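Engineer: The following block contains the structure, expressed as structure tokens.
Throughout, read-outs are computed from the coordinates displayed, never taken from laboratory work. Model, not experiment: these values are computed from the prediction. Every residue, glycine as well, gets a Cβ built from its backbone with ideal geometry; the counts of neighbours run over all protein chains shown.
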Amino acid sequence: MGLMTQEECIRGAYGLLETVTPLRGDCGRLCGKACCKGDENTGMWLLPGEEKLLEHRKDFHVRTCQDNAGYPLAVCRGRCAREYRPFACRIYPLFPLVTPGKEGGLKITAIYDPRSTSNCLLTQYALGRYGSSVNSANPLEDSLSPYIATARRRGITPSFLIRLRKAGAMLLADQELRQYLLDTSRFLIELAELRQKVGVSPTLPRNL
Ligand code: SF4
Ligand code: SF4
């Protein structure tokens, strides 16, 4: 097989995440689809090159944004044709964290995205239930450990976790996408570290 283009990598990741969802059921029924209720200033962080795949869709518009490693944001109307939803919607509220692995390779870890704590019931539930129960000797892992998503954390299906990691691996095949995942992962680690330093507990007060 020849080298995959950036678009093929993104479409491949879409395909892997087409039929799996974080819960077996529809978590939107639990929270009133909080993650689909953005406004002009919120939206889905797009992957490098992903805006080209949305070019002809009327259900989204793409705008520039200050964060997201300099890449744009897609804003929707709270409804979309499911097969066209962006990568960020397919993985929410998780993220395939990319960090250096063994022998110069890269390691992909499924985490709850620290940016999802404010509006996602699944993240709030997982952090509230397990947030303080994981400790490690490594301070970096320690700040991230509350966010690590495993099948043990009730709610997230094992098949979703497997597909999320595979989709992350598929994106690594393209240099720009790889850099985006590395940069975003670094940002998420810094966010988790900062929260730990200032003593903001990921364990939220919501009583679930
Ligand atoms: S991913 Fe989170 S915010 Fe979105 S519908 Fe499910 S529980 Fe609600
Ligand atoms: S694009 Fe679809 S899945 Fe994503 S936030 Fe909008 S309505 Fe929800």
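Engineer: Quick one: what Rg and Dmax do you get for segment 1-41 from the alpha carbons, in Å?
Structural biologist: Here Rg and the maximum Cα pair distance are 15.3, 44 Å.
Engineer: Shifting gears a bit: Mind putting together the pair-distance distribution for segment 1-107? All Cα pairs, 10 Å bins, whole percent per bin, short to long.
Structural biologist: For segment 1-107, the pair-distance distribution reads 12, 42, 34, 11, 1.
Engineer: Separate question: Sorting 76, 31, 9 on the 10 Å Cβ count, fewest up front, what's the list? Spell out each step's value before the answer.
Structural biologist: On the way: 76 19, 31 15, 9 24.
Ranking 76, 31, 9 by Cβ neighbours within 10 Å, fewest first, gives 31, 76, 9.
Engineer: To the nearest Å, what is the center-to-center distance of segment 21-45 and segment 52-101, using C-alpha atoms only?
Structural biologist: 13
Engineer: If amide H atoms are built 1.01 Å from N in the plane of the peptide, which residues on other chains or at least 5 residues away come under 5 Å of the amide H of residue 113?
Structural biologist: Here 94, 95 satisfy the definition.
Engineer: Something else: Percentage of Cα-Cα pair distances in segment 53-125 greater than 18 Å, rounded to whole percent? Display every interim value, and only then the final one.
Structural biologist: Working: 1458 of 2628 pairs.
Result for the distance tail: 55 percent.
Engineer: What is the gain in length, in nm to one decimal, between residue 119 and residue 77 on full extension, counting 0.36 nm per residue of separation less the C-alpha to C-alpha distance?
Structural biologist: Stretched out fully, the residue 119 to residue 77 stretch lengthens by 13.4 nm.
Engineer: Which ordering of 51, 83 is given by a fewest-first count of other beta-carbon atoms within 10 Å?
Structural biologist: 83, 51
Engineer: At a 10 Å Cβ-Cβ cut-off, how would you order 170, 4, 44, fewest neighbours first? It would help to have the intermediate numbers written out before the result.
Structural biologist: Values: 170 21, 4 15, 44 26.
Fewest-to-most ranking of 170, 4, 44: 4, 170, 44.
Engineer: With θ taken as phi - 60° and the coefficients 6.51, -1.76 and 1.60, list the Karplus ³J(HN,Hα) couplings across segment 84-90 in order, rounded to whole Hz; mark glycine and proline as x.
Structural biologist: 9, 5, x, 4, 4, 6, 5
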